[in-house]
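Worksheet for the structure shown next.
The values are calculated or read from the model by the stated rules, or taken from the named source; none is laboratory data. The shown structure was predicted, so the numbers you read here are calculated from the model rather than taken from an experiment. Quick reminder, even Gly has a Cβ in these numbers, built from the backbone with ideal geometry, and neighbours come from all protein chains shown. Heavy atoms of the whole protein, side chains included, go into the accessibility calculation; ligands, DNA and RNA do not. Shrake-Rupley method; radii C 1.70, N 1.55, O 1.52, S 1.80 Å.
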Amino acid sequence: MTAIESIIQSATAEALKTLFGADVPAKQITINDTRKEFDGDVTVVIFPLLRFTKKKPEESGELIGAYLKDNLDIVEGFNVVKGFLNIGLTKSYWHGVLQYIYDHEQFAFGPSGGQKIMVEYSSPNTNKPLHLGHLRNNILGYAVSGLLEANGHEVIKTNLINDRGIHICKSMIAWQKWGNGETPASTGMKGDHLVGKYYVEFDKQYKLQIIQLVAQGFTEAEAEKQAPLMMETQEMLRQWEAGNEEVMSLWRTMNQWVYDGFEETYKNLGVSFDQIYYESDTYLIGKEVVMEGLEKGIFFKKEDGSVWVDLTDRGLDEKILLRADGTSVYITQDIGTADKKYADHHMDRSIYVVGNEQDYHFKVLKEICLKLGRKHAEGIQHFSYGMVDLPSGKMKSREGTVVDADDLMAEMIETVKQRTEELGKIDGFTEAEAEELFKTIALGALKFFLLRIEPRKGMLFNPEESIDFHGYTGTFTQFNYARIRSIVRKFESKDNIPDIIPSVDWESLEMELVQMISRFPRMLADAGEQLNPAAVVDYAYNLAKHYSKYYAEVPILGIQDVEVKTFRVMLSAVVARTIKQAFAIVGINVPERM
RNA sequence: GGCCGCGUAGUUCAAUGGAUAGAACAAGAGUUUCCUAAACUUUAGAUGCAAGUUCGAUUCUUGCCGUGGCUACCA
């Protein structure tokens, strides 16, 4: 089905050619949806065309409008307001659109055969559990992946686990000293939380040592370096790099606890990965690449033996790639991982879902890969999103204001349960069905809340608002889906839904709904191009909102006329399908009853 | 200091350079013999400041003010 936009664009270009002898590329012609307060369905913006028509806006509009009416049988009429040519399309055109959409369930999705795109998201450290910030990352990463798939791209979802380095050694040291052999099994604690507990314990004890040392006359900086705990941790890191079996064994054990914990969280969240990379596997590749660059003279060595890259010609600074002692820094492993990812998949693009605090890091990474002449360099794209703040301010682990991901999900489910029971919404549900409903609503609320804001922007997470069920929420959208399903079930219990949508007169709300649905493909394409799941969520909500008004004002099953009733049910079914599809793309489920 | 973002109703968010800047929450006033009231209707309320480009600027440019991030041999 050709989009109405391009039909009008081409015809307008044709009109300009015929009437004024002007060659204007069809795509340059601006087409808008006609604003509600004017008559018409689509609008051609005439102002930019005046230099071709050499006439006043009104006159130009009239001439082009007349041409379109004469040459396009789907044009029923037109009017010109200032520089805007509003075009009304025939009823039979819209009826045909609706029938087409009804028949083609996948009408909004892009054709397959797009690019091969890797999306890396989540990428946690293994020293503590996931928190609210990770939640935004995971939900965005999953949604962006779905959005790209919906646009016909092949997506490889990956997770790069940051499983080595000083942070995990801190948890290990603390567990050795004060853990008393605790395990997830012995404590009943989720593995990631158990390891996180010892990370916190380390920090506590470490601070005490610093205070003591400062009291003994050391400066703060000296104390931080010389605290026995820190010395021990650094020694452990050296032993890890040397492959000390005892250390490796503890490392493997504790990391496994964390992986098991993460897996549970991912499962509850409903996100997944096609491949998991571990930094412990890739950081050595990074070192090799750096040495390669050094040999080729792309990088240089300083007197102390550290290796650097000079990016001043690209407007950036010099950046260290290997420490003087030969150990790698953060970007070292990223260079290696980028190589490995490409060797594994040969993708066209590689998207990194990482917070905007690392904007500079990814600029540097891309420049380095470019300097190295890597084929994958151009395809590196940092999907940068803003931080999540709380009403009380920034989340700070030191001040214990971090919102834990598992706790948050559990609390939201509990709130949904209470509210749902109060409203008597689960009469006739089995216990399993009820549990599933609570989860669908709670996670829908959470995901909608995190996705509704444009990724680039920082966001405020207000716990009370996030679990609000009214207004601009996932719950409202789900509710309208469930209402439609209820109607369709009732209709189907008595009548069959035909293949052909009855041709009846439309209410204005029905016309609005059809037009909204017809914009689904364009919305998906735009959102996919801009990597903006917020647009998808916004679309689904708006469709639900319009339907809600329709539902309140227009009787559906209550109407006598069978044709009208059937039409309304079929239109409703298409609305429901669209809401479900839009939500599914960004990872939100919908309930059949609620 | 330098670099990169962001400033829109009381609040949280929208608006490919297009018409009278949209929602939601909160506040006020209403709606249920009828398909799920987790609903609907309705009132009031906003582009930080100053220039510039343009037929037209919330959008693009510059300056100022405010705010956040980066500016680690942390990740």
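Kindly provide the set of residues from the range A:395-416 that are near RNA strand B (Cβ under 10 Å from one of its atoms) and of a type in the set (Ser, Thr, Tyr), ordered by number.
Within the range A:395-416, just A:Thr415 meets the criteria.
What's the number of the only condition in (1) within 41 Å of the chain's Cα centre (by Cα); (2) over 18 Å from A:Ala22 (Cβ atoms) that A:Asp70 fails to meet?
Failing condition for A:Asp70: (1).
Are any residues in the range A:316-348 more than 10 Å from RNA strand B (Cβ to nearest atom), surrounded by 17 or more Cβ atoms within 10 Å (Cβ to Cβ) and not in a helix (DSSP H, G or I), and if so, which ones?
Within the range A:316-348, A:Met347 is the sole residue that qualifies.
Within the range A:473-488, does at least one residue satisfy the condition of being assigned to a loop (DSSP other than H, G, I, E, B) and either within 8 Å of RNA strand B (Cβ to nearest atom) or under 19 Å from A:Met412 (Cβ atoms) (or both)?
Scanning the range A:473-488 turns up at least one residue that is assigned to a loop (DSSP other than H, G, I, E, B) and either within 8 Å of RNA strand B (Cβ to nearest atom) or under 19 Å from A:Met412 (Cβ atoms) (or both).
Being within 16 Å of RNA strand B (Cβ to nearest atom), under 22 Å from A:Lys394 (Cβ atoms) and surrounded by 22 or more Cβ atoms within 10 Å (Cβ to Cβ) is the requirement here; does A:Leu130 meet it?
Here the answer is yes, as A:Leu130 does meet what is asked.
Would you mind telling me which numbered condition in (1) within 26 Å of the chain's Cα centre (by Cα); (2) near RNA strand B (Cβ under 10 Å from one of its atoms); (3) among the small types (Gly, Ala, Ser) A:Ser392 fails?
Here A:Ser392 clears every test but (2).
In the range A:531-579, how many residues are farther than 25 Å from A:Asn589 by Cα, of a type outside the set (Ser, Thr, Tyr), assigned to a helix (DSSP H, G or I) and more than 7 Å from RNA strand B (Cβ to nearest atom)?
Within the range A:531-579, residues that are farther than 25 Å from A:Asn589 by Cα, of a type outside the set (Ser, Thr, Tyr), assigned to a helix (DSSP H, G or I) and more than 7 Å from RNA strand B (Cβ to nearest atom) number 5.
Tell me, which residue of the range A:140-153 that is in contact with a Gly (Cβ under 9 Å, 6 or more places away or on another chain) and within 17 Å of A:Ile276 (Cα to Cα) is most open to solvent (accessible area, probe 1.4 Å)?
Per the criteria, the residue is A:Tyr142.
When both residues are 6+ apart or on different chains and their Cβ atoms are under 9 Å apart, which pairs have a first residue that lies in the range A:303-315 and is closer than 14 Å to A:Lys366 by Cα and at pLDDT 90 or above, and a second that is in a strand (DSSP E or B) and near RNA strand B (Cβ under 10 Å from one of its atoms)?
From residues that are closer than 14 Å to A:Lys366 by Cα and at pLDDT 90 or above, the pairs are A:Val309/A:Glu318; A:Val309/A:Lys319; A:Val309/A:Ile320; A:Val309/A:Leu321; A:Asp310/A:Glu318; A:Asp310/A:Lys319; A:Leu311/A:Glu318; A:Leu311/A:Lys319.
Got a number for residues in the range A:368-416 being surrounded by fewer than 18 Cβ atoms within 10 Å (Cβ to Cβ), assigned to a helix (DSSP H, G or I) and not aliphatic (A, V, I, L, M)?
Going through the range A:368-416 one residue at a time, the tally reaches 6.
Would you be able to tell me the number of residues in the range A:485-513 that are hydroxyl-bearing (Ser, Thr, Tyr) and over 27 Å from A:Tyr539 (Cβ atoms)?
Residues that pass the stated criteria total 2.
Kindly check whether there is at least one residue in the range A:486-506 that is touching a Gly at 6+ places or on another chain (Cβ under 8 Å) and not acidic (Asp, Glu).
Looking through the range A:486-506, none of the residues is touching a Gly at 6+ places or on another chain (Cβ under 8 Å) and not acidic (Asp, Glu).
Go through the range A:456-470 residue by residue and tally those that are open to solvent by 40 Å² or more (accessible area, probe 1.4 Å) and within 8 Å of RNA strand B (Cβ to nearest atom).
Within the range A:456-470, residues that are open to solvent by 40 Å² or more (accessible area, probe 1.4 Å) and within 8 Å of RNA strand B (Cβ to nearest atom) number 7.
Could you grab me the full set of residues in the range A:506-519 that are of a type outside the set (Lys, Arg) and touching a residue at least 12 places away in the same chain (Cβ under 8 Å)?
A:Trp506, A:Glu507, A:Leu509, A:Glu510, A:Met511, A:Glu512, A:Leu513, A:Val514, A:Gln515, A:Met516, A:Ile517, A:Ser518
Could you look through the range A:349-361, keep only residues that are within 16 Å of RNA strand B (Cβ to nearest atom) and touching a helix residue (DSSP H, G or I) at 6+ places or on another chain (Cβ under 8 Å), and pick out the one that is farthest from A:Val388 (Cα to Cα)?
A:His361
Table: residues versus (1) under 27 Å from A:Thr473 (Cβ atoms); (2) open to solvent by 20 Å² or more (accessible area, probe 1.4 Å); (3) out of contact with any Phe, Trp or Tyr (no Cβ under 9 Å at 6 or more places or on another chain).
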residue	(1), (2), (3)
A:Ser508	yes, yes, yes
A:Arg519	yes, yes, no
A:Tyr550	yes, no, yes
A:Ile556	yes, no, no
A:Val564	no, yes, yes
A:Phe567	no, no, no
A:Ile579	yes, no, no
A:Ala582	yes, no, no
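Out of everything in the range A:304-313 that is loosely packed, with under 14 Cβ neighbours inside 10 Å and more than 9 Å from RNA strand B (Cβ to nearest atom), what residue ends up being farthest from A:Gly165 (Cα to Cα)?
Filtering first and then ranking leaves A:Asp313.
Scan the range A:217-254 residue by residue and report those that are β-branched (Val, Ile, Thr) and part of a helix (DSSP H, G or I).
Listed by number, the residues that qualify are A:Thr233, A:Val247, A:Thr253.
Out of all the residues in the range A:417-455, which are surrounded by fewer than 14 Cβ atoms within 10 Å (Cβ to Cβ) and near RNA strand B (Cβ under 10 Å from one of its atoms)?
The answer is A:Gln418, A:Glu421, A:Glu422, A:Leu423, A:Gly424.
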